[in-house]
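Structure first, then comments.
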Amino acid sequence: MYHVVLATDGSFDIATGRGGWAAVCALQTRIWTVSGQERQAGNPHLMELRAIVEGLTALTKPCKVLVLTDDQRVLHTLEHGAEGKAETSLWTQVLRAALPHSVRFEWIKGHAGHPLNEQAHALAQLACILPLDADGQPKAPKKPKKKELKLQEREASLELVEIPLQVVPAGQTAALTLAYNGQIWTLHLNGPLGGQTLEGTMAGAQSLQHVAFTALHEGLLALPPACEVAFLCRGASALQSAWKSKSPSKGHREPMRAAKALVTERGHTLNFQEIGILGGGGAEHASA
């Protein structure tokens, strides 16, 4: 099952009564967007709900979805129910759109530099001010074709969820366990969105540290923002020393820099842990 991060935002122009909505979907390194305008929006909260509906509907296969919203009222509605006819109608659509998926919600602070949130905000603002055609309808960009929205071609299983909507608390934890098998590295990921296994070849790698940082980068891509990440591997102390080095070796410099940038961008906390002694009298670990 695919792990998708969905950032949503809604906007409202009180002068015209029009509203804009946008959803930014991220699957590892792939990002796509949907956005639109409504002539009688009501308020920005209703546009946020519309963005969630359209974002979930755009997913063509069952996914584990983390919805990032800066609208605290969405979480209030999740816990206490919808209020009013318009909100109830849209919330019903949210529930229907969520049925094929396993969906969780997390509140993030708006306009605080989160790249997906900033992109959703910009698209929602743009959609709100789009010009109208002769019939008074917004000249919104054409929606992408279904084939353009298809996720990577690999098998995905349907997960039936009786209660698909949950609030994800801040301070999520994740474990990435790295193993080598001949010419293949395997990374077992256990995090807020469930379990996943990633694999890659060791061919062309300049060192084991090059492989380790490459695998770490791929694992971080599959995690939602703001996780406390434990990286379990052999030679954890050496990796931690390399991570803190001001003059990293050419053998692992590029993948390590890519992993560092991702840790900073997504607000992760990273700990290196030696895989061989976990569960004993105290695992060795170091904070990056």
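Where a number appears in this text, it was derived from the coordinates with a stated rule and is not lab data. Everything numeric here is computed off the predicted structure, so don't read it as measured data. Methodologically, a virtual Cβ is constructed for each residue, glycine included, from the backbone with ideal geometry; neighbour enumeration extends over all protein chains shown.
Here is how the numbers come out for the structure above:
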item: Listed peptides 5-11, 172-178 by packing density, highest first (mean Cβ within 10 Å); result: 5-11, 172-178
item: Neighbourhood charge, 15 Å Cβ-Cβ cut-off, centred on Met47 and excluding it, Lys, Arg +1 and Asp, Glu -1; result: -4
item: Shape category assigned to segment 172-287 from the gyration tensor of Cα positions, a/c cut at 1.5; result: rounded
item: Given Lys64/Lys246; Lys61/Lys250; Lys64/Lys109, the pairs whose alpha carbons are separated by over 29 Å; result: Lys64/Lys246; Lys61/Lys250
item: Mean Cβ count within 10 Å, highest first, over the residues of peptides 28-39, 232-243; result: 232-243, 28-39
item: Neighbour net charge for Gly110 - beta-carbon separation under 12 angstrom, K R +1, D E -1; result: -4
item: Local electrostatic count, Leu68, Cβ distance below 12 Å [Lys/Arg +1, Asp/Glu -1]; result: -3
item: Tyr2 long-range amide H proximity, modeled H, under 5 Å; result: Lys64
